[in-house]
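A.B. asks: Below: one structure in structure tokens.
Read the figures in this text as sums done on the coordinates, not as results from a lab. What you see is a predicted model; the values in this text were computed from it and never measured. Please note: Cβ atoms are built from the backbone with ideal geometry, for glycine as well, and neighbour counts cover all protein chains shown.
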Amino acid sequence: MEVIFSDRFLDRIEECTDYIALDHVPTALKWARDVFEQCQKLSKQPESGRMVPEFRRPEIREIIHGNYRLVYELKTNQIDMLTIWHTRQNSPDDPQKIG
């Protein structure tokens, strides 16, 4: 199954990496690389993430990576990586607002 990265997801990776790099650039680069590796694992195990509890929709799922929630939508032939939230952030109450 193909993994597709939304512009929002890529923007959030950049924002988070820049923030982590303020403390330590190698850690930031490793974090970003690990995020992409986690996402690619979904291509073989697309249902390995849990349903996002706030939305209660089985196609909107997430995997946890450290302090970050990697949110994706499971479709018939692809996985759309939608956004990244820090675990301390409140998620929007409507899945339409995450893109």
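A.B. asks: Going by alpha carbons, how many degrees (0 to 90, nearest 10) lie between the helix axis of 7-21 and the longest principal axis of the chain?
C.D. replies: 30 degrees
A.B. asks: Here's a follow-up. Using the Karplus equation 6.51 cos²θ - 1.76 cosθ + 1.60 (θ = phi - 60°), what ³J(HN,Hα) coupling, rounded to whole Hz, does each residue of segment 53-68 give in order, writing x for Gly and Pro?
C.D. replies: Along segment 53-68, the couplings run x, 5, 9, 6, 10, x, 7, 9, 10, 8, 10, 9, 10, x, 9, 10 Hz.
A.B. asks: With runs of 4+ DSSP H residues as the only contributors, calculate the mean residue ellipticity of the chain at 222 nm using -39,500 (n - 2.57) per run, divided by the residue total and rounded to the nearest 500.
C.D. replies: -10500 deg cm²/dmol
A.B. asks: Could you calculate the FRET efficiency of H86 with D23 from 1/(1 + (r/R0)^6), where r is the beta carbon distance between them and R0 is 22 Å, rounded to 0.05?
C.D. replies: Here the calculated transfer efficiency is 0.90.
A.B. asks: Starting from the Cα gyration tensor of segment 2-86, take the square roots of the eigenvalues, sort them a ≥ b ≥ c, and report rounded, prolate or oblate (rounded when a/c is under 1.5, otherwise prolate if a/b is larger than b/c, else oblate).
C.D. replies: prolate
A.B. asks: For helix 25-41, what angle does its Cα long axis make with the longest principal axis of the chain, in degrees from 0 to 90 and rounded to 10?
C.D. replies: 20 degrees
A.B. asks: About the Cα centre of the chain, how large is the charge dipole given +1 on each Lys and Arg Cβ and -1 on each Asp and Glu Cβ? Please answer in debye to the nearest 20.
C.D. replies: 320 debye
A.B. asks: Another question, then. Packing-wise, with mean Cβ within 10 Å as the measure, how do 16-27, 64-75 rank, highest first?
C.D. replies: Ranked by mean Cβ neighbours within 10 Å, highest first: 64-75, 16-27.
A.B. asks: Do you know the relative contact order of the chain, to the nearest whole percent, from alpha carbon pairs under 8 angstrom that are 6+ apart?
C.D. replies: Reported relative contact order: 31 percent.
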